[in-house]
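Report on the structure given below.
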Amino acid sequence: MNLLKSTGIIGGMTLISRIFGFARDMMLSRILGAGAAGDAWQLAFQLPNIFRRLFAEGAFSAAFVPLFNRKIADEEQGESNAAHNFAMDVLSVFVPVLLLFSAIMMLAMPGFIWLIDDFGQGGRTSDFSIALARITFPYLALISVTTLFAAILNSLSKFAAAAFAPVLLNLCMISALLLALWSDGGSDPEQAAYLLAFSVSLAGLAQMIWLGYWARKAGFRLTIGKPKLTNDVRQLGVLILPAIFGAGIYQISRFIDLFFLGRLEEGSFVFLALADRLNQLPLGIIGIALGTAILPALSRFIAQNDDGGAQRVQSNAIELGLLLTVPAAVGLYFAAHPLVSAFYFGGKFGADDVTSTASVVAMLVIGLPAYVLVKVLTPGFFARRDTKTPVYTAGASLIINIVLNIILIPRMGVAGLALAGATAAWVNCAMLYAVLHRRGHFNVEADLLSRIGRIFISAAAMGAAIYFITPYGSAYYAAGALMRVASILALVSVGAVVYFGLAWTTGAIDRSKIEMLTRKQAVK
């Protein structure tokens with residue numbers, strides 16, 4: 001496995017998606033603003049996506065990929081169509097379950113919105129918000145089938161098509177916003193929100209067709225047959241249920257966040273969503289990419305009892321992840337206000353909205369390296385078919401998150417919610433590493449620890465540089481488009497030169513490791 005190349009493919013495609021996502025959110029902030037329509041839209045969009053993350057970034061892939069890899073190995077030993085038949089059996093059971101769950105949720109949507117909206121007292125329980133949520137929810141069933149195709153392609157180390165799929169979502173949403181601007185100049189936020197909701201479900205269909213095509217090109221012509229609980233499907237269920245619960249803890253945490261947001265000032269949903277867009281840029285490009293790339297390799301090394309290979313892959317992933325995410329977190333923290341101003345200020349999104357969103361960004365990115373490390377450490381359990389341990393660590397971090405929400409939100413508002421989540425992520429990261437270390441599956445060696453220290457020193461120097469030069473561009477961050485771009489590029493350039501210059505000089509960047517990462521790592 002070429003870890004750097006695989007991560008680069010996934011991260012590069014994710015970067016393209018994030019760029020389109022920024023364009024989408026820049027239009028959203030100006031057209032919907034941070035008022036009632038913006039909050040209703042963000043709530044409707046988050047509900048299917050919370051359940052999507054349960055499958056796309058959690059339980060399903062974690063359980064499916066190791067079993068699917070084993071079926072590929074069976075085919076190499078002479079068992080014909082083992083992987084194809086397994087995937088088709090899973091799809092035939094998967095689709096009816098998804099359709100039933102989606103139907104139940106759409107029927108129960110008024111009660112769901114009422115629960116989140118401070119039991120109907122938060123001003124967000126309306127026919128408008130319920131309708132938006134119902135229109136977007138079919139996206140869940142469509143994108144979950146897409147997840148099956150993505151898992152097949154990722155198992156075959158074909159990462160590009162699946163990593164590109166989110167671009168289709170952003171293109172559909174941007175098209176809906178352009179249609180809103182064309183029809184009424186963007187003056188009616190509710191009409192724009194309806195167009196957005198329909199575009200989300202349309203995007204789910206487009207993503208499913210896209211990855212279904214590439215799965216066929218890879219030799220997997222899957223059709224839905226009569227659901228059969230074969231031994232392999234049952235084994236998948238045995239693995240996926242605790243993984244669903246474990247990933248579900250994260251999503252319970254998201255629901256709790258929605259519950260707290262429903263009790264805060266109007267616009268809180270928008271502030272958190274727009275801030276998370278900045279936070280998700282490095283997280284998606286680096287964390288999710290690394291986690292996706294290393295799971296198949298770890299599964300193969302572990303299946304062959306090659307503990308050294310597994311240790312090497314995970315160490316490389318941690319080093320690469322921290323090398324990129326620590327400076328990203330520090331840079332976002334110190335440049336939060338300029339970035340939010342440059343991307344979102346304008347139209348219905350005012351200066352006070354910028355200040356509120358920037359404070360949330362600063363708190364969110366404190367946990368950015370931890371989120372990435374969790375993505376890198378968790379495959380160490382999934383590859384060993386241990387889906388239970390992450391449940392326990394996630395459960396403990398959830399309790400900490402709730403307690404911190406209760407303490408911090410009355411003092412800091414929505415920024416307190418962001419800080420609580422960041423702190424809980426660090427606790428979860430520490431627990432995951434402690435368990436892997438105690439079991440002898442992974443340990444941070446002295447060389448890696450030394451390099452991590454140099455990474456933090458280089459990032460601290462970069463943060464100081466950004467802090468001192470930021471005031472000099474204050475007149476340009478909310479000016480015309482060209483001035484915004486130029487001022488942000490200047491900030492980023494200074495930060496990059498300081499960080500990577502020091503990282504290279506101090507040895508935070510291991511030249512020999514870079515050479516090793518760019519070479520093919522053969523699995524014996």
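The values are calculated or read from the model by the stated rules, or taken from the named source; none is laboratory data. Just so it is clear, the model here is predicted, and its values are computed rather than measured. Every residue, glycine among them, receives a Cβ derived from its backbone with ideal geometry; neighbour counts consider all protein chains shown. The accessibility values were calculated without ligands, DNA or RNA, using every heavy atom of the protein model including side chains. Shrake-Rupley method; radii C 1.70, N 1.55, O 1.52, S 1.80 Å.
What is the magnitude of the charge dipole of the range 359-456 about its Cα centre, with +1 placed on the Cβ of each Lys and Arg, -1 on the Cβ of each Asp and Glu, and no other charges, expressed in debye to the nearest 20?
My answer is approximately 160 debye.
Going down the table (Lys226/Lys388; Lys228/Lys375; Lys71/Lys158; Lys228/Lys388; Lys226/Lys375), which pairs top 28 Å between alpha carbons?
Checking Cα-Cα distances, Lys226/Lys388; Lys228/Lys375; Lys226/Lys375 exceed 28 Å.
Bin by bin, in steps of 5 Å, what percent of the Cα pairs in the range 185-226 do you find, going until the bin that has the longest distance?
6, 18, 16, 14, 14, 9, 8, 7, 6, 2
Please state the shape class of the range 408-513: rounded when a/c is under 1.5, otherwise prolate if a/b exceeds b/c and oblate if not, all from the C-alpha gyration tensor.
In terms of gyration-tensor shape, oblate.
Could you compute the net charge surrounding Pro66? Neighbours are other residues with a C-beta less than 11 Å from the C-beta of Pro66; K and R count +1, D and E count -1.
+4
Would you kindly derive the ³J(HN,Hα) couplings of the range 418-435 from the backbone phi angles with the Karplus curve 6.51 cos²θ - 1.76 cosθ + 1.60 (θ = phi - 60°), listing them in order in whole Hz, with x for Gly and Pro?
5, 5, 4, x, 5, 5, 5, 5, 5, 5, 4, 4, 4, 5, 4, 5, 4, 5
Using only protein heavy atoms and a 1.4 Å probe, report how much of Arg221 is accessible, in Å² to the nearest 10.
Arg221 exposes around 150 Å² with every protein chain in place.
Could you compute the longest span of the chain free of GluC sites (Glu not before Pro) located in DSSP loops and having at most 16 other Cβ atoms within 10 Å, not counting the site residues?
80-264
So what's the back-of-envelope 222 nm ellipticity for the chain, counting only DSSP H runs of four-plus at -39500 (n - 2.57) apiece and dividing by all residues, rounded to 500?
My calculation for the chain gives -27000 deg cm²/dmol from helical runs alone.
For His437, tell me the accessible area in Å² from a 1.4 Å probe, rounded to the nearest 10.
100 Å²
Could you please put Asp127, Asp353 in sequence from largest to smallest accessible area, using a 1.4 Å probe?
Asp127, Asp353
Carbon and sulfur atoms: what percent of the 1.4 Å accessible area of the chain do they account for?
Carbon plus sulfur share of accessible area: 67 percent.
Just name one of Met363, Pro379, His337: the one whose Cα is farthest towards the positive end of the charge dipole of the range 322-413 (beta-carbon charges, Lys/Arg +1, Asp/Glu -1).
Pro379
For Ala434 and Asn231 in the same chain, what is the full-extension length gain: residue separation times 0.36 nm, less their Cα-Cα distance, in nm?
Full extension of this stretch gives 69.7 nm more.
Pop the C-beta distance of Gln121 and Leu100 into the FRET formula with R0 = 30 Å and round what comes out to the nearest 0.05.
0.40
Magnitude of the Cβ-charge dipole of the chain, K/R +1 and D/E -1, about the Cα centre, nearest 20 debye?
In total the dipole reaches around 1280 debye.
Ser315 accessible area, nearest 10 Å², 1.4 Å probe?
Spelled out: Ser315, probe radius 1.4 Å, area about 20 Å².
In terms of the Cα gyration tensor, with a ≥ b ≥ c the square roots of its eigenvalues, is the range 12-130 rounded because a/c is under 1.5, prolate because a/b exceeds b/c, or oblate?
Oblate, because a/c is 1.5 or more while a/b does not exceed b/c.
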